[in-house]
Every structure is written in structure tokens, then in C-alpha cells.
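The values are calculated or read from the model by the stated rules, or taken from the named source; none is laboratory data. All values derive from a computational prediction rather than experimental measurement. Cβ placement follows ideal geometry from the backbone for every residue including glycine, while neighbour counts extend to all protein chains displayed.
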Amino acid sequence: MIETIWFAIWGVAWAVYFMLDGFDLGIGSLLPFLGKTETDKRVMINAMGPFWDGNEVWLITAGGVTFAAFPSTYAVMFSSLYTPLMLLLFALILRGVAFEFRGKVASAAWVKLWDTCLVIGSFVPALLLGVAFANIFAGIPIDRQGIFHGNLLTLLNPYGLAGGVLFVLLFAVHGAIWLATRSEGDLQTRAVKTAKVLYVPAAAMAVVFLAMTWFWTRLWQNLLTAPYLLVLPLLAVLGLLGVRLFLAKGAYWKAWFSSALLIVGAVLFGVAGLFPNLLPSSLDPAASMTAFNSSSSHLTLWIMFGVVVCFLPVVIGYQIWVHTKFRDTITASSIHEGPAY
């Protein structure tokens, strides 16, 4: 019972992280394409500046849940996926530093350097997270001792790469729509156009990835044993259709929430299809790390559950306050009035 609850918390934490930090990663990846002027770039950075570090709290939460609730899975995951996870960590550090250092020196070369770091620190995590989760869905080549039989190239299989491309495209659309809700004028027009253009390959890639999932994983088969869970891919489909509909109507906030629904539905579809596996083995199903064979003691899980119940509302309340505080449209004049990135 308690292991299942923590498995659900683990999945929701990842889904919320991708929903929130996804638009940050998307905007950062689009910086060289939409940031035609220095003012445009500053508007783009300020559209995510107040939120990015709060959004990454959910990444820490997801990692913390894995460490505290499923320590054996954490150990095997970080040894098996050591290289991509270290690359992910370095990219996220580079991104955080770029936010802070970009405006410290009035030099075009200095600004260009940190803009490049911001783009790398946004694109690389989106790609790596997609590759990592696609490989988890398909199964990692681990044996009963938790030893990984492969290398980085093992993870760069067609299904893993498809997951990486899908994440990059979904986050780019998500970020472009967020920018459309926070900007005005020519930048908003370009953001909307970019979202519409990228929607086509993103939708096509989503269909391809779902089809590949049938052949490369057991996610669909697992969900079919509990048909009520098919509501999760249905939510993703509704979100995908909603993005197109609301972009056409100019309802950008509704389009963004539709994009969020798409991301959350897709991630929860994958997580629900994994259950009870957290890290399935492609070598031997008996070697898979599950919510039951890799969890902490019941006492530990119940104590941590009490902590979550107490502190999760504080985190949610803080994020609601931040989004309310910085809800105004970002204009060329506003970035020169008071603190700004």
C-alpha cells in the first residue's frame, strides 16, 4: 500500500517537473531563434527568470523521492546512467550560472558566451531527459546484482533517441506558448508562429513515439490490464488537440494549459505503464527494480509521507505566489525598471 503511494508520488513529481521546467528549457533552447535583439533576449530570459529555480525544486523532489523511498533503485540508476546524469547535472549548473553571470559585464562577447551556455544548458537537459526516460520505459540492461551491461552508446538506440527528440519538441512548443503569454508585439507574434510551426513535427513525433512504444516496451500491455488507466494517454491526446485549437483562436493561456496537460498525461502514461517497475531490466525481468523490492522500510515510508503532507502545501503555495507576483506582461520598458535579468 505505502509503496504504491510512493510510486505515485514519484511519478507525479516527474510529471510536474516536466510541466513546469519544460517551458524554461523550451525558451532557453529557442533563444537564438526568437531573440533577434538584446531587448528580445532579455524579455525571453525574464519570462523564465523568476520561475526556473523554483521549478527545479520538483527535480530535486523527484530525485529525493527516489533516494529516500527507493534507495536500491537510486543506487542502480545512478550507476547505470552515470554518464548521462552527470552530463545533465553539468548542463543544469551551466544554465543556472548563465542566468546570473550574463548581465555582470557590459561586453558583447561576454553576453554571447553566457547566451550560448544558456542554450546548451536548456537543450541538452531536454534531450537527455527524453533519452533517459525512453530507455527506462524500454528497460535497462541490468543483471540481478544491479550491474549495467552497456555504455552511453547503448542508450542511444532508436527508441531512446525518439524520446529525446520528442522531449525537445514538446518543450520547445511549451516554451514558445509560455513566451506568447508573457510578451507582446513582434516577439509575441514570432513566438506564436514558432509554436504553430513546431506543433506539426511535435504532434507527428508523439504519434511515432506512441507507436514505437507498443513494439519497444510493455507500457501499453500493462495499461490494458487496468483499462481505467487509459484515461492518461487520452488526456495527452486531448492536450495535443487543445494546443492546436487554442493557438488558432489566440487563447494563449488555454493553449499553454493544454500543452501542460499533454506533458503531464504523457509522463503519467509512461509511469503508470511501468508499475510496479521503477527500473525494468531488459536482460531478466526478475532483475528489475520495483516499488516493492527496492523500497525503504514501512516506518521510513510512513514518516516521510507525513513530512510530504505537511510541507508539500508550502511548496505549492510558494509557487502560486511567485506566479501571481510575476504575472504581468514583460515589456521592453519593464525590463529597465527595477530588478531584471
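Of all residues in region 70-115, those satisfying the criterion of being over 25 Å from W6 (Cα atoms), part of a loop (DSSP other than H, G, I, E, B) and hydrophobic (A, V, I, L, M, F, W, C) are V105, A106. Every test in (1) of a type in the set (A, V, I, L, M); (2) modelled with pLDDT of 95 or more; (3) under 22 Å from P141 (Cα atoms) is passed by A286 save one, and that test is (2).
Of the helices (runs of 4 or more DSSP H) lying entirely inside region 1-68, those containing at least 2 residues that are of a type in the set (A, V, I, L, M, F, W, C) and either out of contact with any Lys or Arg (no Cβ under 6 Å at 6 or more places or on another chain) or in contact (Cβ under 8 Å) with a residue 40 or more places away in the chain (or both) are 2-34, 38-48.
Considering only residues that are surrounded by 21 or more Cβ atoms within 10 Å (Cβ to Cβ) and either polar (S, T, N, Q) or over 15 Å from G185 (Cβ atoms) (or both), which ones fall in region 32-48? Result: I45, M48. The residue that is farthest from N135 (Cα to Cα), counting only those in region 63-87 that are aliphatic (A, V, I, L, M) and surrounded by fewer than 20 Cβ atoms within 10 Å (Cβ to Cβ), is A68.
So for region 173-193 (the condition being modelled with pLDDT of 95 or more, over 30 Å from A332 (Cα atoms) and crowded, with 22+ Cβ neighbours inside 10 Å), does at least one residue qualify? So far as region 173-193 goes, no, none of its residues is modelled with pLDDT of 95 or more, over 30 Å from A332 (Cα atoms) and crowded, with 22+ Cβ neighbours inside 10 Å.
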